1. Filter the stretch 1-21 down to residues that are under 20 Å from residue 131 (Cβ atoms) and surrounded by 15 or more Cβ atoms within 10 Å (Cβ to Cβ) and give me whichever is nearest to the chain's Cα centre (by Cα).
2. Counting just the residues of the stretch 32-85 that are in a strand (DSSP E or B) and free of Cβ contacts under 8 Å to residues at least 12 places away in the same chain, which one comes out surrounded by the most Cβ atoms within 10 Å (Cβ to Cβ)?
3. Is it the case that some residue within the stretch 1-18 is touching a residue at least 12 places away in the same chain (Cβ under 8 Å) and of a type in the set (Gly, Ala, Ser)?
Amino acid sequence: MSKRPKPEPVQIVKQRRDAALTALVEAVPYIRFLGIQFERRGDELTGILPFRQDLVGNPLLPALHGGVTAAFLEVTAVMTLNWSYLWEDLESGKLNLEGTVPQDLPRLPKTVGFTVDYLRTGLPRDAYARARITRAGRRYASVQVEGWQDNHARLYAQATGHFLMPPQRG
């Protein structure tokens, strides 16, 4: 009878996951430009777009710019796909992104098509988004994204995206 390997301490696992997410986010200048952050709960990511006055597109309402909303949803979809793509290697310990330079990170999925439905005005406050992968193959993936502000049940935007996945890592 073989012994199972002793599990890693939870703080080591969390540290590896947090370092990987930080490396992935910091490698994309546009994410930093918009100020998008990600909160991680296990393998699920929630995108957070902290409100800033310069994100307003219509100052008369005021309303978040539609392009900012679309970019926020697309970034959330891409990061969720990338996170899912790397999850098994992160969990097995085969991949440690701590201290990795951006050019050594795995390539991001490429957007093939992205459709946004604007359901209501994006108010001048923080926004949140969560993506759900509806199809994930080796070369192609489909994702649905929901964006909300104060109440997850009252979406202000939703999107569907189709992505070309990077080649499998060797």
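Please treat every number below as a calculation from the coordinates, not as lab data. Treat the numbers as computed from the prediction; the structure is a model and nothing was measured. Cβ sites come from the backbone with ideal geometry, for glycine too, and all protein chains shown count toward neighbours.
1. At the first step, the residues of the stretch 1-21 found to be under 20 Å from residue 131 (Cβ atoms) are 17-18, 20-21.
Right, trim to surrounded by 15 or more Cβ atoms within 10 Å (Cβ to Cβ) and you get 17, 20-21.
Numbers: 17: 14, 20: 12, 21: 9 Å.
Ranking the qualifying residues of the stretch 1-21, first place goes to 21.
2. Looking only at the stretch 32-85, we keep the residues that are in a strand (DSSP E or B), and these are 37-41, 44-49, 56-58, 63-64.
After this cut, where a residue has to be free of Cβ contacts under 8 Å to residues at least 12 places away in the same chain as well, the list is 39, 41, 57-58.
Values: 39: 12, 41: 7, 57: 14, 58: 12.
Among residues in the stretch 32-85 that are in a strand (DSSP E or B) and free of Cβ contacts under 8 Å to residues at least 12 places away in the same chain, the one surrounded by the most Cβ atoms within 10 Å (Cβ to Cβ) is 57.
3. The answer is no, given that none of the residues of the stretch 1-18 is touching a residue at least 12 places away in the same chain (Cβ under 8 Å) and of a type in the set (Gly, Ala, Ser).
To keep it simple, each residue is scored yes or no on (1) closer than 25 Å to residue 72 by Cα; (2) not charged (D, E, K, R).
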position: 3; (1), (2): no, no
position: 17; (1), (2): yes, no
position: 23; (1), (2): yes, yes
position: 27; (1), (2): yes, yes
position: 30; (1), (2): yes, yes
position: 33; (1), (2): yes, yes
position: 39; (1), (2): yes, no
position: 55; (1), (2): yes, yes
